[in-house]
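*Asks:* Before I ask anything, here is the structure I am working with.
The values are calculated or read from the model by the stated rules, or taken from the named source; none is laboratory data. Predicted model, so just to flag it, every value in this text is computed and none were measured. Virtual Cβ from ideal backbone geometry, glycine too; neighbours counted across all protein chains shown.
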């Protein structure tokens, strides 16, 4: 469904991605592991059209989306939950959700359905729907970022370090929501430092080092033989 | 003296509301695109001329207001697409130079199209009322109320409208708004068109109070710019309060000195703001 072939990306003069190839099938949860600064976030930004690859091709459902403006990428069904969450701080929780809901071709009934689902998954967002996004706690902001992405009814969600800096209770809630999205048939490309969570949630994993894809295999195999993880993640 | 102060309060409020209408458009555009539109006052001027021509042809002030706003909105959208969209994300200096260039072109165009003489729009409301020692025209408070109404409509649109949320989201985080599927380039063009329409409306509302000349734009740009800085760049509520504040200051100052010297107080307010509270007078203290 989503394919990256030999993608190179630069930030100004520094070469970040040195030819990344990966693939996500419909409904699949795929992990993307690696130390800090190896290019995991840049990979997601390249898919989303937030940075332009200098070389290589990104396709989604057979369409070339390389360097497509991100709002068009979003319309195709790719949602993005960035590492720093990027909640609209001066918009209320409800208005944050509406940025994804206010689009053409969405019936009133379907809107309500989507909202009900989010409030069911994240009851705290329902309680705070008239509160400004900037007043939420870190964990609540993470939930709002995921909920906001869900409003787009995406086929795939790019999740960038959703558990970073969260309390263990919040982490397990994020783990649950990944499971629920997977159950609903939404594909997920999960960038994480939390190896245990990633291996548990995903069916396959890629491991990156210095802008290159170093390893790729079933998550179960990586779990059974942690030496590869040790080698690239140093844990 | 007390009566004079009250009269100047009314004058200040009237001027302040028209200025607030100009400044709201400027601050909206700055907030979302980080562009200081130095041609904004010239859009006021073009709006005034378009209104004057329409009123001269049809005799209908309200039609003039509508035609000028719509025409300048379309013109603003075209201007944004052709001249400013290609500069987005570049050094802010390039947009300053570009909008300054546009300002000069528009002034020369107006000179060529409408001639060097001032044009007038007759006051659509001709009645007067007794304000102490003065016969005060009803049109002046009427224009203020109308300007306030347009600003209120903008506020409600931004607060509750679907596209209002798009505008606020894009203002706060352009990149994330785009990732949420909001067509950011279209929002930018739309906001520029709205700002241009508001400038044009101010030009038509202002024309019966003074006159439309091809050089009036610069003063509007300058005054609106002062208001936007004093009110806090990109802050709509702050700009409105600052417009009233500055206009009242000038009105009171002209009790003591001549009106042309009273303008100095707005520069003093600008300098003091930049010195002591550069984020703006009418914004909450940043945490």
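*Asks:* Which ones in segment B:143-194 are more than 14 Å from chain A (Cβ to nearest Cβ) and out of contact with any helix residue (DSSP H, G or I) (no Cβ under 9 Å at 6 or more places or on another chain)?
*Replies:* Residues satisfying the conditions are B:149, B:152, B:153.
Let's see how each residue does on (1) more than 19 Å from the chain's Cα centre (by Cα); (2) surrounded by fewer than 16 Cβ atoms within 10 Å (Cβ to Cβ); (3) away from chain B (no Cβ under 14 Å); (4) outside any helix (DSSP H, G or I):
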position: A:119; (1), (2), (3), (4): yes, no, yes, no
position: A:125; (1), (2), (3), (4): yes, no, yes, no
position: A:130; (1), (2), (3), (4): yes, yes, no, yes
position: A:141; (1), (2), (3), (4): no, no, no, no
position: A:145; (1), (2), (3), (4): no, no, no, no
position: A:152; (1), (2), (3), (4): no, no, no, yes
position: A:157; (1), (2), (3), (4): no, no, no, yes
position: A:169; (1), (2), (3), (4): yes, yes, yes, no
position: A:172; (1), (2), (3), (4): no, yes, yes, no
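*Asks:* Still on this structure, please answer the following. All but one of (1) in contact with a helix residue (DSSP H, G or I) (Cβ under 7 Å, 6 or more places away or on another chain); (2) surrounded by fewer than 20 Cβ atoms within 10 Å (Cβ to Cβ) hold for residue A:25; which doesn't?
*Replies:* Going through (1) in contact with a helix residue (DSSP H, G or I) (Cβ under 7 Å, 6 or more places away or on another chain); (2) surrounded by fewer than 20 Cβ atoms within 10 Å (Cβ to Cβ) one by one, residue A:25 breaks only (1).
*Asks:* In segment A:64-89, what residues are under 8 Å from residue A:49 (Cβ atoms), at the interface with chain B (Cβ under 8 Å from one of its Cβ atoms) and part of a loop (DSSP other than H, G, I, E, B)?
*Replies:* A:69
*Asks:* Next up: Residue A:113 passes all but one of (1) more than 9 Å from chain B (Cβ to nearest Cβ); (2) out of contact with any strand residue (DSSP E or B) (no Cβ under 8 Å at 6 or more places or on another chain); (3) buried (at least 16 other Cβ atoms within 10 Å of the Cβ); which number fails?
*Replies:* Among (1) more than 9 Å from chain B (Cβ to nearest Cβ); (2) out of contact with any strand residue (DSSP E or B) (no Cβ under 8 Å at 6 or more places or on another chain); (3) buried (at least 16 other Cβ atoms within 10 Å of the Cβ), residue A:113 violates only (3).
*Asks:* Determine whether residue B:204 is in a helix (DSSP H, G or I) and away from chain A (no Cβ under 14 Å). So that I can check it myself, show each step before the final result.
*Replies:* Details: in a helix (DSSP H, G or I): yes; away from chain A (no Cβ under 14 Å): yes.
Judged against the criteria, residue B:204 is a match.
*Asks:* Quickly run through segment A:13-58 and pick out the residues that are within 14 Å of chain B (Cβ to nearest Cβ) and in a loop (DSSP other than H, G, I, E, B).
*Replies:* A:49, A:50, A:51, A:52
*Asks:* Just give me the residues in segment B:224-283 being closer than 22 Å to residue B:168 by Cα and part of a loop (DSSP other than H, G, I, E, B), in sequence order.
*Replies:* Correct list: B:232, B:233, B:234, B:235, B:279, B:280, B:281, B:282, B:283.
*Asks:* Does segment B:268-287 include one or more residues that are within 18 Å of residue B:14 (Cα to Cα), buried (at least 20 other Cβ atoms within 10 Å of the Cβ) and in contact with a helix residue (DSSP H, G or I) (Cβ under 9 Å, 6 or more places away or on another chain)? Lay out the reasoning, then the answer.
*Replies:* Taking segment B:268-287 and keeping what is within 18 Å of residue B:14 (Cα to Cα), we get none.
The answer is no, given that none of the residues of segment B:268-287 is within 18 Å of residue B:14 (Cα to Cα), buried (at least 20 other Cβ atoms within 10 Å of the Cβ) and in contact with a helix residue (DSSP H, G or I) (Cβ under 9 Å, 6 or more places away or on another chain).
Residues checked against (1) under 14 Å from residue B:200 (Cα atoms); (2) at pLDDT 95 or above:
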site	(1), (2)
B:47	yes, yes
B:54	yes, yes
B:63	yes, yes
B:76	yes, yes
B:81	no, yes
B:90	no, no
B:113	no, no
B:117	no, no
B:122	no, no
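*Asks:* Has segment B:23-33 got at least one residue that is part of a loop (DSSP other than H, G, I, E, B) and surrounded by fewer than 24 Cβ atoms within 10 Å (Cβ to Cβ)?
*Replies:* Taking segment B:23-33 first, the residues part of a loop (DSSP other than H, G, I, E, B) are none.
No, there is no match, as no residue in segment B:23-33 is part of a loop (DSSP other than H, G, I, E, B) and surrounded by fewer than 24 Cβ atoms within 10 Å (Cβ to Cβ).
*Asks:* Let me ask something else. How many residues does segment B:215-233 hold that are buried (at least 20 other Cβ atoms within 10 Å of the Cβ) and either more than 20 Å from residue B:25 (Cα to Cα) or within 13 Å of the chain's Cα centre (by Cα) (or both)?
*Replies:* 10
*Asks:* Being over 21 Å from residue B:122 (Cα atoms) and modelled with pLDDT of 95 or more: is that true of residue B:67 here?
*Replies:* Details: over 21 Å from residue B:122 (Cα atoms): no; modelled with pLDDT of 95 or more: yes.
In short, no.
*Asks:* Separate question: Return yes or no: is residue B:13 surrounded by fewer than 24 Cβ atoms within 10 Å (Cβ to Cβ), free of Cβ contacts under 8 Å to residues at least 12 places away in the same chain and outside any loop (DSSP other than H, G, I, E, B)? Write out each step before concluding.
*Replies:* Numbers: surrounded by fewer than 24 Cβ atoms within 10 Å (Cβ to Cβ): yes; free of Cβ contacts under 8 Å to residues at least 12 places away in the same chain: no; outside any loop (DSSP other than H, G, I, E, B): yes.
Taking the combined requirement at face value, the residue does not satisfy it.
*Asks:* Taking the conditions exactly as written (within 14 Å of chain A (Cβ to nearest Cβ), farther than 23 Å from residue B:23 by Cβ and part of a loop (DSSP other than H, G, I, E, B)), does residue B:125 satisfy them or not? Before you say what the answer is, go through the steps one by one.
*Replies:* Working: within 14 Å of chain A (Cβ to nearest Cβ): no; farther than 23 Å from residue B:23 by Cβ: yes; part of a loop (DSSP other than H, G, I, E, B): yes.
No; evaluated as a whole, the condition is false for this residue.
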